[in-house]
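Comments concern the structure below.
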Amino acid sequence: MAHAVKELFPGVKLAIGPAIDEGFYYDFDLARAFTPEDLILIENKMSEIIQRNNPFVRRVVPREEAIELFKKMGEDYKVELLEKIPDEEISLYEEDGFIDLCRGPHLDSTGLVTAFKLLSIAGAYWRGDEKNKMLQRIYGTSFTDEKDLEDYLHFLEEVKKRDHRRLGRELDLFSISEEIGPGLILWHPNGAIIRRTIEDFWKDQHFLSGYKILYTPHIAKLQLWEKSGHLDFYRENMYSPMEIEGIDYELKPMNCPFHVHIYKTSLRSYRELPIRYAELGTVYRYERSGVLHGLLRVRGFTQDDAHIFCREDQIEDEILNVLDFTLFILKTFGFEKYDIYLSTRPEKYVGSLNNWERSTNALERALEIKGLSYEIDIGEGVFYGPKIDIKVKDSLNRPWQCSTIQVDFNNPERFDVTYRGSDGRDHRPIMIHRALMGSLERFFGILIEHYAGAFPLWLAPVQIEILTIAERHTQYAIELSKRLRPEGIRIELNLENEKIGYKIRNATIRKVPYLVIIGDREMAGENLTIRKRSGENIGPIKIDDFIGIIRDKIRNKSREL
């Protein structure tokens, strides 16, 4: 691709062009913007180069020689890269006069390249720094045969159709206003209904599982974050302090120090442990504007956070309980496939090696007791302890980071957290951090794409829409809605003077699970005609029977209509 761009656009400068999981990209510095039509020209030129079957020739040269070579070629970005590479020798690849800096390896010749496609154009700052020049990035992908490429392009079309940002607009779920600020979510009524449903379910299950629900402030004194260690290890993700009465305050990036302070309001006995605190706590983290992405990467979000204070002899049981709880929650929302990772001590950490070893072993034992397959993610633990990460797989088999279970011996030490043991002495509890969904915003975005906006009945913002065929059916429809609403069913009435086909299409576009169509026959017989979102018709069915079916499906969190 880079060779093709060089042939087609004289004066273009090359930056970097790595292979990535989904294919490849290359960053270019060109005076004018690439267009979609340019991608076709580049693809055609690539095909020409492939037809030439040019051999790839590798040669190794001293670094200074490579620098001089690329200076003569006017490739400033390559020179900058080379000046920061410590290696004394550099590998170059050449085919038909085109030379590039690369570690390799490569195919033997261009003729071995088969199925490929250029996908999109995007902006990218040089070296990912927004202070540097904006370059143009061309994304592409390649496969060994056309069938695999076609399958992948079909997958991309499906991803596009499920994009939560587009569906968020079409289904009136949420929006983001530049006037308010990027990365800050406005929940519309439809989205807010789903959020409330998720929150109510979350709270009910936490009460059943022995958690106590908390609410904590959105800001705290800066010294709190110094004490917790977040300022040392997390400063780049925190906002600038604000001064209140001469004291610096900070928007909270985490909920944990607040939960610690609630724990410390009383002298705790070993008999009280474990103590499980949970909060749907909104936090704020600085994310660069270039990485913000709808609901999936935001600046203000609500964590489904919990902290468990337990004795050391309770840690394994608590981790087992959290694993069961996590998998139950994920399954209820329709996620039955996942990958699990055990993340170990990072380069920058706090605490003793002995504590790290004990905590890592406890997490590992819990996974093995549950018979769960997992991979070791070396060095990816948080600064205060090891963790288990669970990445759910959606209906397109894409992995998403959601759930995490973390063992913490940093906060109990820093905040001098204790409990009175059976020996009458003070002991240090273990603190377990855990989130089941991660954040409501991100989880909601994943749900939208997982279901392509067609939520199961219990989550759907409108569960039943009542449609009238003619004006004379209006009063019957209103009376029916009064009968359904007390059952906790979310109803919408469409009494507009429109053709029934138009009403059905409109409700289907909004992915309403059930449509109740009211006409003369329904009024006369006290039976209902029901149309499912899929287009399947049910009925006639008695009103009480229909209410019973709907109630059961909502109560059981059924994913089937």
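The values are calculated or read from the model by the stated rules, or taken from the named source; none is laboratory data. Since we're looking at a predicted model, the values are computed, not measured. Cβ atoms come from the backbone with ideal geometry, glycine included; neighbour counts cover every protein chain shown.
Please go through the stretch 319-336 and pick out each residue that is within 16 Å of Ile388 (Cα to Cα), out of contact with any helix residue (DSSP H, G or I) (no Cβ under 9 Å at 6 or more places or on another chain) and not polar (S, T, N, Q).
Across the stretch 319-336, the qualifying residues are Asp324, Leu327, Leu330.
If a residue has to be part of a strand (DSSP E or B) and touching a helix residue (DSSP H, G or I) at 6+ places or on another chain (Cβ under 9 Å) to count, how many in the stretch 193-220 make the cut?
Of the residues in the stretch 193-220, 3 are part of a strand (DSSP E or B) and touching a helix residue (DSSP H, G or I) at 6+ places or on another chain (Cβ under 9 Å).
List every residue pair whose Cβ atoms sit under 8 Å apart, with the two residues 6 or more apart in sequence or on different chains, where the first one lies in the stretch 426-454 and is in the same structural domain as Gln205 (by TED's automatic domain parsing) and the second, anywhere, is surrounded by 24 or more Cβ atoms within 10 Å (Cβ to Cβ) and among the hydroxyl-bearing types (Ser, Thr, Tyr).
What qualifies is Ile430/Ser359; Arg434/Ser403; Ala435/Ser403; Leu436/Ser403; Met437/Ser403; Gly438/Ser403.
List the pairs whose first member sits in the stretch 457-473 and is touching a residue at least 24 places away in the same chain (Cβ under 8 Å), whose second member is of a type in the set (Gly, Ala, Ser) and part of a loop (DSSP other than H, G, I, E, B), and whose Cβ atoms are under 9 Å apart, counting only residues at least 6 apart or on separate chains?
If the second residue must be of a type in the set (Gly, Ala, Ser) and part of a loop (DSSP other than H, G, I, E, B), the pairs left are Leu457/Ser558; Trp458/Ser558; Ala460/Ala454; Thr468/Gly519; Ile469/Gly519; Ala470/Gly519; His473/Gly519.
Taking the conditions exactly as written (surrounded by fewer than 18 Cβ atoms within 10 Å (Cβ to Cβ) and part of a loop (DSSP other than H, G, I, E, B)), does Asn497 satisfy them or not? First the steps, then the outcome.
Details: surrounded by fewer than 18 Cβ atoms within 10 Å (Cβ to Cβ): yes; part of a loop (DSSP other than H, G, I, E, B): yes.
It is true that Asn497 is surrounded by fewer than 18 Cβ atoms within 10 Å (Cβ to Cβ) and part of a loop (DSSP other than H, G, I, E, B).
Tell me the strands (runs of 3 or more DSSP E) entirely within the stretch 344-430 that contain at least 3 residues that are crowded, with 19+ Cβ neighbours inside 10 Å and not small (Gly, Ala, Ser). Quick ask: steps written out before the conclusion?
Details: elements: 375-377, 387-393, 399-408.
Of the strands (runs of 3 or more DSSP E) lying wholly inside the stretch 344-430, those with at least 3 residues that are crowded, with 19+ Cβ neighbours inside 10 Å and not small (Gly, Ala, Ser) span 387-393, 399-408.
What residue, of Asn397, Asn354, is at positive phi and in the same structural domain as Gln303 (by TED's automatic domain parsing)?
Step by step, each of Asn397, Asn354 is checked, and only Asn397 is at positive phi and in the same structural domain as Gln303 (by TED's automatic domain parsing).
Give the residues of the stretch 221-270 that are part of a loop (DSSP other than H, G, I, E, B) and touching a helix residue (DSSP H, G or I) at 6+ places or on another chain (Cβ under 9 Å), sorted by residue number.
Gly229, Met238, Pro241, Lys252, Pro253, Met254
Here are Asp148, Asp163: which of them is in contact with a strand residue (DSSP E or B) (Cβ under 9 Å, 6 or more places away or on another chain), touching a residue at least 12 places away in the same chain (Cβ under 8 Å) and among the acidic types (Asp, Glu)?
Asp148
For the stretch 215-224, what are the residues that are surrounded by 14 or more Cβ atoms within 10 Å (Cβ to Cβ) and within 26 Å of the chain's Cα centre (by Cα)?
Within the stretch 215-224, Thr216, Ile219 meet the criteria.
Results for (1) crowded, with 20+ Cβ neighbours inside 10 Å; (2) over 20 Å from Asp204 (Cα atoms); (3) not basic (Lys, Arg), shown as yes or no for each residue.
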site	(1), (2), (3)
Arg297	no, yes, no
Gly300	no, yes, yes
Asp304	yes, no, yes
His307	yes, no, yes
Cys310	yes, yes, yes
Asn321	no, no, yes
Phe333	yes, no, yes
Tyr341	no, yes, yes
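Of the numbered conditions (1) within 21 Å of Leu81 (Cα to Cα); (2) surrounded by 18 or more Cβ atoms within 10 Å (Cβ to Cβ); (3) touching a Phe, Trp or Tyr at 6+ places or on another chain (Cβ under 8 Å), Met46 satisfies every one except a single condition; which is it?
Result: Met46 fails condition (1) only.
Kindly evaluate Phe333 against the criterion of being under 17 Å from Gln406 (Cβ atoms) and of a type in the set (Phe, Trp, Tyr).
On the way: under 17 Å from Gln406 (Cβ atoms): no; of a type in the set (Phe, Trp, Tyr): yes.
Spelling it out, it is not the case that Phe333 is under 17 Å from Gln406 (Cβ atoms) and of a type in the set (Phe, Trp, Tyr).
If the Cβ limit is 8 Å and pairs must be 6+ apart or interchain, which residue in the stretch 171-189 that is in the same structural domain as Asn237 (by TED's automatic domain parsing) pairs with which residue that is exposed (fewer than 12 other Cβ atoms within 10 Å of the Cβ)?
Hits for this filter: zero, empty list.
Among the candidates Thr332, Thr418, which residue alone is hydroxyl-bearing (Ser, Thr, Tyr), at pLDDT 95 or above and farther than 30 Å from Leu186 by Cα? Full working, then the answer.
Details: Thr332 fails: farther than 30 Å from Leu186 by Cα.
The conditions single out Thr418.
Does the stretch 256-282 hold any residues that are touching a residue at least 60 places away in the same chain (Cβ under 8 Å) and under 27 Å from Pro241 (Cα atoms), and which are they?
Scanning the stretch 256-282 gives Cys256, Pro257, Val260, His261, Tyr263, Lys264, Ala278, Glu279, Leu280, Gly281, Thr282.
So is Glu89 modelled with pLDDT of 95 or more, exposed (fewer than 14 other Cβ atoms within 10 Å of the Cβ) and either among the charged types (D, E, K, R) or not assigned by TED's automatic domain parsing to the domain that holds Tyr26 (or both) or not?
Here the answer is no, as Glu89 does not meet what is asked.
Out of Ile244, Ile262, Ile213, I need the residue that is of a type in the set (Val, Ile, Thr), over 17 Å from Asp408 (Cβ atoms) and modelled with pLDDT of 95 or more. Which one?
Ile213
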